[in-house]
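Visitor: Before I ask anything, let me first share the structure, which is written out below as structure tokens.
Read-outs throughout are calculated quantities, based only on the coordinates presented, and are distinct from any laboratory measurement. Fair warning: this is a prediction, and the values are worked out from it, not measured in the lab. A quick note on method: Cβ atoms are made from the backbone with ideal geometry, for glycine too, and the neighbour counts reach across all protein chains shown.
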Amino acid sequence: MDLFNALHVGLASAFQTQNLLYCFIGVFIGTLIGVLPGIGPTAAIAILMPATFTLPSVSAIIMLCGIYYGAMYGGSTTSILVNIPGESASVVTCIDGYQMARQGRAGSALGISAFGSFIAGIFGIIFLSILAPTLANVALGFGPPEYFSLMILGMTLVIYLGSGSTIKSLITAGFGIVLGCIGQDPISGVPRLVYGIEVLWDGLGFAPVIMGLFGISEVLINLEKAEGEREICQTDIKGLLPTKDDWKRAAKPIARGSVVGFFLGILPGGGATVASFASYALEKKFSNQPERFGKGAIEGVAGPESANNSATMGAMVPLLTLGIPSNVVMALLLAALIIHGTPPGPLLLQNHPELFWGIIISMFVGNLLLLVLNLPLIGMWVRILRIPYNILFPLIVLFCLIGAYSLNSMVSDIFIMLIFGILGYLMKKYEYEGAPLILAFILGPILETNLRQSLILSHGSLQIFVSRPISLICLLLAFSFLFFPLVPAYRKLKLRIEEEEDKQV
């Protein structure tokens, strides 16, 4: 399918009335989630995923994607006005955004944030539409050995999905693989790890596990924290359209942030948060007046806000073409695609072009909608900031309970969700990441199936995995991903040993 026909398919899909509606709902909820500190796009997608199960796959994925990149927009509002990031990718925006607001330049900060995000989002979509089909065509030659090695590569990304200890990430990933084995053997049909519990014969559902780990646990963690006073900057919000001088200062940071963000989004563990920090550091280095940063430099808002939006588009490349999520939100979208019967990977573009190109065109539409939502509705978002958490969180728990039960009308799904909610809470308390567990839980069964199919093809010989070039390359990359994080730890250990030897001498 050439690009012209592909865009025609995407336009026909994205501009259906219901898809436009769900695109608007997604970006609206995403902006709301970004504005409300303490929830974040991960928990929001986990909680709302069951609401999409009755929708067509295209509408469902368009809505969930809208929540993700919409949250990137909305997070800047709280960073600038309240000095509290709505989500982690907006942390760096607080540094200069809040200072601009205190100087009476809140309108300029909000305006350049919205326009920068829009420009970067469009840039990322264009690159996504160029790179993804090319990569998908290369991957069409994959067989079971290549898929197995690709899943091994995907599993090594647990090191980069977690923000804490590598060992802890590997432990939770191992637990995720075990959870993925619960149920019937995919080839023989023999039940495994069910312990006589009938509801486990079909395995654990993605949705209750995800809602518990990221939704319920987030509520429990936030309830522990004393809600401080959210002091909203009282300056008049005017001049939302950036001035000529604002554009002069912000044009290059927006361009650099768009490029840096997109390519960091593709990398494992890169994501919007890393992209925003990298952009801020880059702008400070390029600036002729680095001392202005931290005191209200508009470049410190334009660059990071552009980078985090471009990174969300970059993260879609490995997900849609190879079925590998580069961050936790992509892992949730991977689960949603599998649930809707449209597993991502090389065949997605071939078997479901209306989904692939519909998502891309809907992102153009969504970015336009976000530009409209983020500028005229600033006053409404400020009022929403005043909603107390003791009203907000019970509503979230209620929505989770209804969502879990509505999947199969089974009370057991509610219990599974609550169990994983408590588990997720304990994991966060002891600094164990939920993202590696989810990634391993999703990819584990795929890895097992392709391993067994490969061994059947090779009559039990493991040589099949190293005799095929693509499979060998994936295994070498996986080894490098596992090896390089250990180098700093080895250097620290060596330095410590040398210091102890010096003390003894």
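Visitor: What FRET efficiency would be calculated for the residue pair I221, I171, taking the C-beta separation as r and a Förster radius of 22 Å, to the nearest 0.05?
Guide: 0.65
Visitor: What does the charge count near P186 come to, summing +1 for each Lys or Arg and -1 for each Asp or Glu among other residues with Cβ under 13 Å from its Cβ?
Guide: -1
Visitor: Right, something else. Around L282, under 11 Å between beta carbons, what's the net of Lys plus Arg minus Asp minus Glu among the other residues?
Guide: Values: positive: K252, R256, K284, K285; negative: E283, E299.
Surrounding charge for L282 is +2.
Visitor: Using the 10 angstrom Cβ neighbour count as an exposure proxy, how do S412, S467 rank, fewest first?
Guide: Fewest-to-most Cβ neighbours within 10 Å comes out as S467, S412.
Visitor: Give me the distance in nm between label points sitting 7 Å out from Cα along the Cα-to-Cβ direction at Q504 and A51, one decimal.
Guide: Going from the Q504 label point to the A51 one covers 6.3 nm.
Visitor: Determine the shape class of region 296-412: with a ≥ b ≥ c the square roots of the Cα gyration tensor eigenvalues, call it rounded for a/c under 1.5, and otherwise prolate if a/b is greater than b/c, oblate otherwise.
Guide: Oblate, because a/c is 1.5 or more while a/b does not exceed b/c.
Visitor: Lysines within cross-link reach of K428: Cα-Cα under 25 Å, excluding same-chain residues under 8 positions apart?
Guide: Within reach: K168, K225.
Visitor: Given the convex hull over the Cα atoms of region 346-505, what projected area results after averaging over all orientations, in nm²?
Guide: Taking a quarter of the hull surface, the average projection is 20.1 nm².
Visitor: In terms of the Cα gyration tensor, with a ≥ b ≥ c the square roots of its eigenvalues, is the chain rounded because a/c is under 1.5, prolate because a/b exceeds b/c, or oblate?
Guide: The shape class here is rounded.
Visitor: If you don't mind, another one. Between L135 and I391, what length in nm is gained on full extension when 0.36 nm per residue of separation is reduced by their alpha carbon distance?
Guide: Gain on extension, L135 to I391, equals 87.5 nm.
Visitor: Suppose each label sits 7 Å from its Cα in the direction of the beta carbon; what would the R102-M410 distance come out to in nanometres?
Guide: 5.4 nm
Visitor: Next up: Running Debye on region 89-152 with equal point scatterers at the Cα sites and no solvent, what base-10 log of I(q)/I(0) appears at q = 0.21 Å⁻¹?
Guide: -0.87
Visitor: Sticking with this one: For region 375-445, which chymotrypsin sites (Phe, Trp or Tyr not before Pro) pass both filters: DSSP loop (anything but H, G, I, E, B) and at most 10 other C-beta atoms within 10 Å? It would help to have the intermediate numbers written out before the result.
Guide: Working: sites: W381, Y389, F399, Y405, F415, F420, Y425, Y430, Y432, F441; in loops: Y430, Y432.
In loop regions of region 375-445 (DSSP not H, G, I, E or B), the sparsely surrounded chymotrypsin sites (Phe, Trp or Tyr not before Pro) are Y430.
Visitor: Tell me, which longest segment in the chain has none of the GluC sites (Glu not before Pro) that fall in DSSP loops with at most 14 further Cβ atoms within 10 Å?
Guide: Result, exposed sites excluded: 1-226.
Visitor: Answer with one residue from H459, P376, S412: the one whose Cα lies farthest towards the positive end of the charge dipole of region 363-505, charges on Cβ with Lys, Arg +1 and Asp, Glu -1.
Guide: Selected residue: P376.
Visitor: Is there a quick way to get the dipole size of the chain? I mean about its Cα centre, with the Cβ of Lys and Arg at +1 and of Asp and Glu at -1; what is the value in debye to the nearest 20?
Guide: Working: 27 positive and 29 negative charges, 190 e Å.
With Lys and Arg at +1 and Asp and Glu at -1, about 920 debye.
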